[in-house]
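The values are calculated or read from the model by the stated rules, or taken from the named source; none is laboratory data. Model, not experiment: these values are computed from the prediction. Here the Cβ is made from the backbone with ideal geometry for all residues, glycine too, and neighbour counts use every protein chain on show. Ligands, DNA and RNA are stripped out before the accessible areas are found, and what is left, the full protein with its side chains, is counted by its heavy atoms. Shrake-Rupley method; radii C 1.70, N 1.55, O 1.52, S 1.80 Å.
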Amino acid sequence: MLEGLLVVKGLEKRYGGKAAVEGLSFAVRPGEIYALLGPNGAGKTTTLKCVVGLLRPDAGDVVVCGHSVLRERREVLRCTGYVPENPVGFDYLRVSEFLDFVGALRRIPRDVLSERAERYISMFGLEQYRDAFMGELSRGTVQKVLVVASLLHEPRVLVMDEPMSGMDPESQKTLKDELRRLAGRGAAVLLSSHMLDVVERFASRVGIISGGRLIAEGSLEDVKRAAELGEDATLEDVFMRLVKGV
Ligand SMILES: Nc1ncnc2c1ncn2[C@@H]1O[C@H](COP(=O)(O)OP(=O)(O)OP(=O)(O)O)[C@@H](O)[C@H]1O
């Protein structure tokens with residue numbers, strides 16, 4: 001039986017008649033950074049949207065912090081921080097207003113919110129953007145603000161869809177360090193990524209999906225073995241072998 005802070009059980013999602021995700025099961029345990037990998041259209045975003053209840057699965061369920069996303073989405077959202085693939089709206093809010101808004105939504109006491117927001121603003125070098133409108137920020141800067149917003153309520157579970165895309169190397173490092181720190185304190189991190197070289201050094205486990213199905217899972221060593229590759233193989237070699245058959 002799968003156990004973890006986040007458990008995906010027999011997930012299936014269809015668009016029209018076509019399955020985007022089929023029979024997908026995996027778990028992310030406390031302290032783990034789990035990277036979902038796969039080619040374009042493999043079903044990563046669909047999976048993450050099902051995890052946070054943005055999409056309703058056609059079969060299966062996701063249990064986060066012991067709560068079913070089908071029946072207890074509110075509880076799931078309470079213990080989860082989510083970074084979507086594409087930024088959503090809020091162009092008319094200043095960065096500080098957006099973070100206040102998220103803090104209010106999360107019912108974070110004002111003084112706590114202000115201390116946490118300031119810590120993250122300084123960590124991600126966002127000081128000069130406090131008064132900028134979300135709509136006038138560069139893509140990478142919006143990404144940093146969305147990451148900060150997802151961390152404000154100190155969630156036990158983090159679900160991040162390509163969180164490093166568009167971020168400069170310094171911010172990528174900051175984010176990796178912070179996610180490692182949070183995982184070290186018992187958080188479960190689920191992220192999708194195309195950055196195999198980053199994931200190789202960063203993730204505790206990977207799940208490789210193709211055509212909506214999990215084709216390999218485990219530590220780097222595990223997936224190398226699954227791909228029948230030697231010690232020197234990289235995650236890119238594993239990916240190419242398992243996904244492309246080369
Ligand atoms: N709203 C939608 N309507 C119809 N089909 C969709 C919709 N969203 C996704 N799909 C299809 O579902 C499949 C999985 O898409 P998904 O976005 O989950 O893949 P992904 O692994 O996140 O891809 P990428 O790496 O390109 O972000 C694809 O075939 C895609 O075309």
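On the basis of being under 17 Å from the mean Cα position of the chain (by Cα) and β-branched (V, I, T), does V198 make the cut? So V198 fits the description; yes. Is segment 66-74 home to any residue that is within 16 Å of the ligand (Cβ to nearest atom) and either buried (at least 22 other Cβ atoms within 10 Å of the Cβ) or among the hydrophobic types (A, V, I, L, M, F, W, C) (or both)? No, because not a single residue in segment 66-74 is within 16 Å of the ligand (Cβ to nearest atom) and either buried (at least 22 other Cβ atoms within 10 Å of the Cβ) or among the hydrophobic types (A, V, I, L, M, F, W, C) (or both).
Looking at G245, is it without any contact (Cβ under 8 Å) to a residue 40 or more places away in the chain, out of contact with any Cys (no Cβ under 8 Å at 6 or more places or on another chain) and at positive phi?
Working: without any contact (Cβ under 8 Å) to a residue 40 or more places away in the chain: yes; out of contact with any Cys (no Cβ under 8 Å at 6 or more places or on another chain): yes; at positive phi: yes.
Yes: the conditions hold for G245.
Working only within segment 25-62, note down all residues that are among the aliphatic types (A, V, I, L, M), within 11 Å of the ligand (Cβ to nearest atom) and touching an Asp or Glu at 6+ places or on another chain (Cβ under 8 Å). Answer for segment 25-62, where residues must be among the aliphatic types (A, V, I, L, M), within 11 Å of the ligand (Cβ to nearest atom) and touching an Asp or Glu at 6+ places or on another chain (Cβ under 8 Å): just L48.
Residues in segment 219-233 that are open to solvent by 50 Å² or more (accessible area, probe 1.4 Å) and either in contact (Cβ under 8 Å) with a residue 12 or more places away in the chain or not in a loop (DSSP other than H, G, I, E, B) (or both): 5 in all.
Count of segment 178-195 residues, restricted to those that are more than 16 Å from the ligand (Cβ to nearest atom) and under 15 Å from the mean Cα position of the chain (by Cα), is 8.
Say whether the condition of being away from the ligand (no atom under 16 Å from the Cβ), among the aromatic types (F, W, Y) and either under 16 Å from the mean Cα position of the chain (by Cα) or farther than 23 Å from M164 by Cβ (or both) is met by at least one residue in segment 78-96. Before you say what the answer is, go through the steps one by one.
Taking segment 78-96 first, the residues away from the ligand (no atom under 16 Å from the Cβ) are 78-81, 89-96.
After this cut, where a residue has to be among the aromatic types (F, W, Y) as well, the list is 90, 92.
Those still in the list that are either under 16 Å from the mean Cα position of the chain (by Cα) or farther than 23 Å from M164 by Cβ (or both) too: 92.
Scanning segment 78-96, I find at least one residue that is away from the ligand (no atom under 16 Å from the Cβ), among the aromatic types (F, W, Y) and either under 16 Å from the mean Cα position of the chain (by Cα) or farther than 23 Å from M164 by Cβ (or both), so the answer is yes.
For E97, state whether it is open to solvent by 30 Å² or more (accessible area, probe 1.4 Å) and not in a loop (DSSP other than H, G, I, E, B). Criteria met by E97. Would you please name the residue that is surrounded by the fewest Cβ atoms within 10 Å (Cβ to Cβ), looking only at residues in segment 192-218 that are touching a strand residue (DSSP E or B) at 6+ places or on another chain (Cβ under 6 Å) and part of a loop (DSSP other than H, G, I, E, B)? Among residues in segment 192-218 that are touching a strand residue (DSSP E or B) at 6+ places or on another chain (Cβ under 6 Å) and part of a loop (DSSP other than H, G, I, E, B), the one surrounded by the fewest Cβ atoms within 10 Å (Cβ to Cβ) is S204.
Okay, residues lined up against (1) in contact with a Leu (Cβ under 9 Å, 6 or more places away or on another chain); (2) at pLDDT below 95:
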{"position": "G184", "(1), (2)": "no, no"}
{"position": "A187", "(1), (2)": "yes, no"}
{"position": "S192", "(1), (2)": "yes, no"}
{"position": "M195", "(1), (2)": "no, yes"}
{"position": "R205", "(1), (2)": "yes, no"}
{"position": "L214", "(1), (2)": "yes, no"}
{"position": "L229", "(1), (2)": "no, yes"}
{"position": "D232", "(1), (2)": "no, yes"}
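Annotation note: Cβ proximity below 8 Å between a residue of segment 60-77 that is within 16 Å of L158 (Cα to Cα) and a residue that is of a type in the set (S, T, Y) (sequence gap 6+ or interchain) occurs for V62/S68; V64/T80; C65/T80; V76/S68. Of all residues in segment 109-128, those satisfying the criterion of being open to solvent by 70 Å² or more (accessible area, probe 1.4 Å) and either of a type in the set (D, E) or touching a helix residue (DSSP H, G or I) at 6+ places or on another chain (Cβ under 7 Å) (or both) are D111, E115, E118, E127. Would you check if E22 is in contact (Cβ under 8 Å) with a residue 24 or more places away in the chain, away from the ligand (no atom under 15 Å from the Cβ) and crowded, with 18+ Cβ neighbours inside 10 Å? Considered against the rule, which asks whether it is in contact (Cβ under 8 Å) with a residue 24 or more places away in the chain, away from the ligand (no atom under 15 Å from the Cβ) and crowded, with 18+ Cβ neighbours inside 10 Å, E22 comes out as no. Being in contact with a Gly (Cβ under 8 Å, 6 or more places away or on another chain) and on the phi > 0 side of the Ramachandran plot narrows it down to one residue among G212, G184; which is it? Going through G212, G184 in turn, just one is in contact with a Gly (Cβ under 8 Å, 6 or more places away or on another chain) and on the phi > 0 side of the Ramachandran plot: G212.
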